[in-house]
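One structure is given here, and the rest of the page talks about it.
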Amino acid sequence: MEEKVRTLIVDDTITYRMILAGVMGKIPEVEVVGQAQNGSIALKKTQELNPDLILLDIEMPDMDGYQVLQEIRKFNHTAEVVIVSSQSVENISKVFETLKHGALDVVSKPTTKPLESNTGRCKRSFSRIICRAFPLESSVDNTTGLVCIIAATSVDILKPAIIDRLMSPSVTVPHNRPDPSTTSTILKEFFVSN
């Protein structure tokens with residue numbers, strides 16, 4: 001049996017934890033090893049379970065995703081962290097801070113309407129991220145195309161002009177890792193000019 005990507009889901013809303021667990025459960029290479037409803041529990045479970053992948057909500061009451069990521073990096077440098085964020089402009093600056101400090105990617109939370117197509121989109125995004133971060137023998141589609149700091153799911157949040165600029169040949173992505181400084185500059189230019 002192949003080794004699975006051990007995943008911890010962190011979200012303060014039980015509905016989203018259940019949805020994300022369902023989505024991840026449909027990816028054959030993934031095993032959900034735990035869930036946490038806040039940052040403190042996430043830190044404890046990260047130490048106990050030593051997950052390969054952490055899906056981390058950006059907006060939580062006791063510690064936000066950025067604070068949790070900073071604390072996790074004090075004792076765990078190997079777990080990949082994917083930020084799961086709602087589609088709001090207010091979250092963008094927090095999301096980019098987490099990306100600058102080691103988060104692998106960002107995926108927008110699935111909305112409940114229509115749930116099936118949104119969870120399908122989420123599954124495809126997570127599958128691509130897993131293929132990139134954990135190159136396992138896999139049946140998951142490995143055709144990720146150009147990798148940029150904004151996951152395909154985040155297109156809903158940002159205007160296509162940003163995505164076009166991020167995906168231009170002038171934006172280099174070493175080792176399939178996003179370049180936060182390039183993306184940050186592009187976003188600042190975009191928001192200042194619009």
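The values are calculated or read from the model by the stated rules, or taken from the named source; none is laboratory data. Nothing here was measured: the structure is a model prediction, and the numbers come from that model. Ideal geometry is used to build each Cβ from the backbone, glycine not excepted, and the neighbour counts take in all protein chains shown. In case anyone asks, the SASA skips ligands and DNA or RNA and just uses the protein heavy atoms, side chains included. Shrake-Rupley method; radii C 1.70, N 1.55, O 1.52, S 1.80 Å.
Considering amide H positions built from the backbone, and no H for Pro or chain starts, which residues 5 or more places from Glu80, or on another chain, come under 5 Å of its amide H?
HN-HN under 5 Å from Glu80: Leu53, Ile54.
Arrange the peptides 93-100, 54-61, 72-79, 25-32 so that the one whose residues have, on average, the most other Cβ atoms within 10 Å appears first.
Going from most to least packed, we get 54-61, 93-100, 25-32, 72-79.
Anything over 21 Å Cα to Cα? Flag those among Lys4/Lys45; Lys45/Lys74; Lys45/Lys94; Lys74/Lys94; Lys4/Lys123, in the order listed.
Over 21 Å Cα-Cα: Lys45/Lys94.
Given H placed 1.01 Å from N in the peptide plane, which residues other than close sequence neighbours of Gln35 have an amide H under 5 Å from its amide H?
Long-range HN contacts for Gln35: Ile9.
Over all directions, how big on average is the projection of the convex hull of the alpha-carbon atoms in the stretch 6-110, in square nanometres?
Approximately 5.8 nm², given one-decimal rounding.
Could you pull out every residue, at least 5 positions away or on a different chain, whose amide H is within less than 5 Å of the one on Val5? Hs are placed 1.01 Å off N in the peptide plane, and Pro or chain starts have none.
Amide H to amide H, under 5 Å and 5 or more residues apart or across chains, Val5 pairs with Val30, Glu31.
Mean shadow of the stretch 1-45, computed from the convex hull of its alpha carbons, in nm²?
3.1 nm²
Quick one: ranking Thr15, Thr7 by accessible area, 1.4 Å probe, largest first, what do you get?
Putting Thr15, Thr7 in descending order of accessible area: Thr15, Thr7.
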